[in-house]
Every structure is written in structure tokens, then in C-alpha cells.
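Here is the structure we will look at.
The values are calculated or read from the model by the stated rules, or taken from the named source; none is laboratory data. The model shown is predicted, which means the values in this text are computed figures rather than measured ones. With ideal geometry, Cβ positions are generated from the backbone for all residues, glycine too; neighbour counts draw on all protein chains shown. Accessible surface is based on the protein model in full, side chains and every heavy atom, while ligands, DNA and RNA are left aside. Shrake-Rupley method; radii C 1.70, N 1.55, O 1.52, S 1.80 Å.
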Amino acid sequence: MFSSTTQPSTQLPSPLQVIEPDWRYAQDYRITVKRDDLIHPIISGNKWRKLRHLDENLLPNIKGAVASFGGGYSNHLHALSFCCKQHGLHNIAFIRGNYTGNETPMIKDLLHWGTHIVYLSKVDYSQRDCGEYLTTLSRRYDIEILIPEGGSHTEHLAGLQGLHNEFTEPVDHLILPVASGGTLAGLAVSKGNIRNLLGIAVLKGQDYLESLVTRLVAEHRVNTPYTISHEYCLRGYAKSTPELDRFCIDTENQLGLPVEPVYSGKVLMALKALIENRAFTPGSTIAFLHTGGLQGAR
Ligand SMILES: *Cc1c(COP(=O)(O)O)cnc(C)c1O
């Protein structure tokens, strides 16, 4: 499904859009947006890049079920479900919480695409990385491939090299959201025209996110330096503030850029603050990675 011959709707390389926001000092930088949100009409941008490797190498040979974990709005479960439907694979989604009778638009899509949904209590869900628990689940549901939450797994990092390759000119800083760390880790182990990576934590996770990324890059080399900033996660994951909501609406109106408060809006608001605080050397080129995620905001 990822090859452009069979899927004319896949847009690669994703467009690079120059923006000129009216923020203080913004005119001192060249700011672009890497529009990964436009890669595919259904699969969220960075999930597309993470699943790509899996898609090309593993999915065509699988006989059993492909399963993964996520919340009720998960872009990852959504992308995986669609991908499995395309390959005619049995997909199982382990969802945190019980949405019976109160299905989100994301869950409705999964049901429509034939995914088997299993609601897990918060306690069960918290065991999603525990080996013993995973073995039990795998046996009970005849799972062949169990993908970690967010689709972040060392095997999937290779898919991010493609993003480096799409930058034909040097970029001093690429700014992007960090949740399960896979996108940042994938970009860190690969290399190209991006000189520095600045991950913005979208959840409260000082140290935790660092360890996730460190674990993901462990067997590889860091080829592109990265830092993670924790100052802009606001109230935590998927929690907006009136200021952030307002910022998302203004951005859409002024820059013609659709953003949502969970990932892209939060990161862009962080970028605005960084620029206004002169965090970057004037004259730098800055790219903002729009990872998609608009389905989750429905
Ligand atoms: C999953 C997701 C992220 C977070 O990426 P990680 O690799 O999990 O850190 C960012 N943006 C969007 C739109 C996502 O769906």
C-alpha cells in the first residue's frame, strides 16, 4: 500500500512549505514546515514513516494476528488498522480504557476496517511492556507480531532515514513532537541535511522520555545530535489550555496550516516561544515537522 504506483494518494517527498509568521524575531530566520501530514489521506504522517519498514518487510509474510496498544484516539492504532486491512491481515487493538457504547471516531474507523478491539483496564494496560503479560496475550489471541505502543520499536527506526533524504538543503534545527520517542530516535540514528534535532515533549516525562529514546537508539549510533525540551508540555498529554486552543485557530487562519493541540499545535507554540526568546542564532534555518495527527482531533 505504500508504493506510489498502487496508492496514487501517497505524496512523497512530502511538501516543504515556507512560513512567515508574525511572531517577534521570526523575520530573522528561514522557517519551513515539512508537511508530513500530507503524505497520506488516512495514515498519520510519522506513523506512515514508522510503519513503512514493517509494511515492506514483514506484513506481506504474516499469517497470524498483528496487534498493538494505544489510547482511544491513537493515530498509531488507526494507521496500523488501515495498513492491516490493506493487506488482509487480522488486526487486534488493545485499547486503554473501555469505550463500549461511547466509541471515538478513531475506534469507529477500526471497527469499520475489521479490527478486533480489546479494551484493557488501566492496570492491565500498564503491563504493556512486561514480557510475561505479552506472552499471555500472544497465546490467548494467536498474535504473530506485537508492536509496542506508538509503533516505536528499534526495527522501525529505518523508516525515518527517508525523511533526512527529503531535505535537499541543510536545515540547522528540525523541531518535532516527542511522545513514544520513535520518530526522534529514528531521525537521530540516521543522517542527512538536518544538523540538529529538537524534540518537544508533548507529555510530562522528564527522564522517562530520555530513557525511551536512549533505549531505542541503543544498538545504533547517534548520527544526528538531539535534545529534548520539557518546558512546553503544558498540562500533559492531550491536555490543552485556552491559550493553546486559541493559538491553533490563529495559526490555521494566519498561516493556512491545520494544527491540533496534541502534537503540532503544541510544538509550533513552543517554536514561537523559542524564537521570541532568541533560543536560535539569528540567520538559522529552522524546519518544523508536521507529523499529522489531524484524525485524532476529530
Ligand atoms: C504518534 C505521534 C507523534 C509522536 O511520535 P513518537 O514517535 O511516538 O514520539 C507525533 N505526532 C503525531 C501526529 C503522532 O501521531
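At-a-glance table
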| quantity | calculated |
| --- | --- |
| For the range 64-75, 3J(HN,Hα) per residue [Karplus equation, 6.51 cos²θ - 1.76 cosθ + 1.60, θ = phi - 60°, Hz, x = Gly/Pro] | x, 7, 10, 10, 7, 10, x, x, x, 10, 4, 5 |
| Radius ratio Rg over Rh of the range 139-298, counting only Cα atoms, Kirkwood formula for Rh | 0.98 |
| Relative contact order (%) - criterion: Cα under 8 Å, at least six apart; region: the chain | 22 |
| In degrees, nearest ten, helix 242-255 long axis to first principal axis of the chain (Cα) | 70 |
| Residue-normalised accessible area of the range 1-105, given per residue in Å² at a 1.4 Å probe | 42 |
| Carbon + sulfur, % of accessible area of the chain - ligands and nucleic acids excluded, 1.4 Å | 48 |
| Highest average packing first - 288-295, 96-103, 211-218, Cβ atoms within 10 Å | 288-295, 211-218, 96-103 |
| Residues GLU155 and GLN27, FRET efficiency given R0 of 30 Å [Cβ-Cβ distance, rounded to 0.05] | 0.10 |
| The chain: Rg to Rh, with Rh as the Kirkwood radius over Cα pairs | 0.96 |
| Rg over Rh, two decimals, the range 1-108 (C-alpha only, Kirkwood Rh) | 1.09 |
| Residue list for the range 10-41, given a label point 7 angstrom along the Cα-to-Cβ vector of ARG195 and an amide N cut-off under 13 Å | 30 |
| ASN277 versus THR135: modelled label distance in nm, points set 7 Å from Cα along the beta carbon direction | 4.7 |
| Count of lysine pairs in the range 185-298 with Cα separation under 24 Å (8 or more residues apart, or interchain) | 5 |
| Residues whose placed amide H lies under 5 Å from that of ILE175, excluding near-sequence neighbours | LEU198, ALA287, PHE288, LEU289 |
| Average accessible area per residue (Å²) across the range 207-298 - probe 1.4 Å, nucleic acids and ligands excluded | 49 |
| Residue-averaged 222 nm ellipticity for the chain, from DSSP H runs of 4+ at -39500 (n - 2.57), nearest 500 | -10000 deg cm²/dmol |
| DSSP bridge pairs, the chain: antiparallel proportion in percent, nearest 5 | 10 |
| Inter-label distance for ARG235 and VAL18, nm, one decimal - labels placed 7 Å from Cα along Cα-to-Cβ | 3.9 |
| Residue pairs, from the table LYS34/LYS108; LYS47/LYS108; LYS34/LYS63, whose Cα atoms sit over 25 Å apart | LYS34/LYS108; LYS34/LYS63 |
| Packing-based order for 17-29, 72-84, 194-206, using average beta carbon neighbours within 10 Å, highest first | 72-84, 194-206, 17-29 |
| Interchain or long-range residues, amide H under 5 Å from HIS90's placed H | VAL66 |
| For GLU260, distant residues with modelled amide H under 5 Å away | GLY265 |
